[in-house]
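Following: one structure in structure tokens, then a few remarks.
What follows is calculated from the coordinates using simple rules that are stated; it is not laboratory data. What you see is a predicted model, and the numbers here were worked out from it, not measured in a lab. Using ideal geometry, Cβ is built from the backbone for each residue, glycine included, and neighbour counts are taken over all protein chains shown.
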Ligand code: HEM
Ligand code: HEM
């Protein structure tokens, strides 16, 4: 299997990056919902689940940087036959997914008031403890952390985490299933066995 993308297929590296991110999203969502549904506040399990959510999220940020760099060194496989509208929607959908992969870790990180114990291996300082925060938020904007994090938390949790990201990912996965089982074209194969 080729490392790089070809005219017809994603290469092994693009596939690996895509499916790794899918697994990380799953991990991140499972951790945060396990925390909400199955743990009591201020218990060790509650903290572990939060830390796993943060660790998966930060890993997504690292992998998406590699993914964007790799994408720029590669051609994008051609689209299967379809209407112009379908092609444009797929394009917009992919850019929206890239935005989510950047904005979710970013808003999560800057809006969180605790350090990340990265998979319990080492600590990553919270944004509030960095000099960028001091310069930008305290000195320049003159805001307290609470005032600063409120809208960011709202965006991360209420707008994106609970709704927009789900809709986008489910829409994307359903489109892939439609192509595979209804239109019976190579869209899913390009990202799997193709
Ligand atoms: C792509 C990555 C991420 C996704 C999809 C994501 C998604 C979510 C979701 C769905 C929630 C729960 C919303 C709710 O129902 O209340 C949440 C909460 C939260 N996220 Fe993220 N997040 C990501 C990355 C991060 C990162 C990198 C951090 C911080 C380093 C972070 C920090 C938090 C915190 C502190 C909460 C509140 C905890 C809780 O509700 O139990 N997130 N996130
Ligand atoms: C079970 C879930 C998923 C399935 C079945 C799936 C399937 C696919 C398929 C078949 C393609 C190729 C589409 C084409 O070339 O027209 C693709 C591309 C893509 N997927 Fe997914 N995907 C899933 C989850 C995700 C998730 C969670 C994300 C990120 C949040 C994501 C982001 C993307 C992006 C950005 C592309 C475009 C790649 C590029 O051209 O650079 N996918 N996916």
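Among the residues of segment 40-56, the one identified as more than 9 Å from ligand 1 (Cβ to nearest atom), free of Cβ contacts under 8 Å to residues at least 40 places away in the same chain and touching a helix residue (DSSP H, G or I) at 6+ places or on another chain (Cβ under 7 Å) is 40.
Residues in segment 33-60 that are under 14 Å from residue 120 (Cβ atoms), in contact with a strand residue (DSSP E or B) (Cβ under 9 Å, 6 or more places away or on another chain) and within 16 Å of ligand 2 (Cβ to nearest atom): 2 in all.
Only one of these is within 13 Å of ligand 1 (Cβ to nearest atom), surrounded by 15 or more Cβ atoms within 10 Å (Cβ to Cβ) and in a helix (DSSP H, G or I): 165, 137. Name it.
Numbers: 137 fails: within 13 Å of ligand 1 (Cβ to nearest atom).
Just one listed residue meets the conditions, 165.
Restricting attention to segment 150-171 and to residues that are touching a residue at least 24 places away in the same chain (Cβ under 8 Å) and near ligand 2 (Cβ under 10 Å from one of its atoms), the residue that is nearest to residue 21 (Cα to Cα) turns out to be 169. Across segment 177-194, the number of residues qualifying as surrounded by fewer than 16 Cβ atoms within 10 Å (Cβ to Cβ) and part of a helix (DSSP H, G or I) comes to 6. List the number of the failed condition for residue 26; all other conditions in (1) touching a helix residue (DSSP H, G or I) at 6+ places or on another chain (Cβ under 6 Å); (2) surrounded by fewer than 19 Cβ atoms within 10 Å (Cβ to Cβ); (3) closer than 22 Å to residue 160 by Cα hold. Going through (1) touching a helix residue (DSSP H, G or I) at 6+ places or on another chain (Cβ under 6 Å); (2) surrounded by fewer than 19 Cβ atoms within 10 Å (Cβ to Cβ); (3) closer than 22 Å to residue 160 by Cα one by one, residue 26 breaks only (1).
Among the residues making up segment 65-89, a single one is in contact (Cβ under 8 Å) with a residue 24 or more places away in the chain, over 25 Å from residue 185 (Cβ atoms) and out of contact with any helix residue (DSSP H, G or I) (no Cβ under 9 Å at 6 or more places or on another chain): 73. Closer than 27 Å to residue 53 by Cβ, in contact (Cβ under 8 Å) with a residue 40 or more places away in the chain and away from ligand 1 (no atom under 15 Å from the Cβ): is that true of residue 174 in this structure? In short, no.
In segment 84-94, the condition of being within 16 Å of ligand 2 (Cβ to nearest atom) and within 13 Å of the chain's Cα centre (by Cα) is met by at least one residue.
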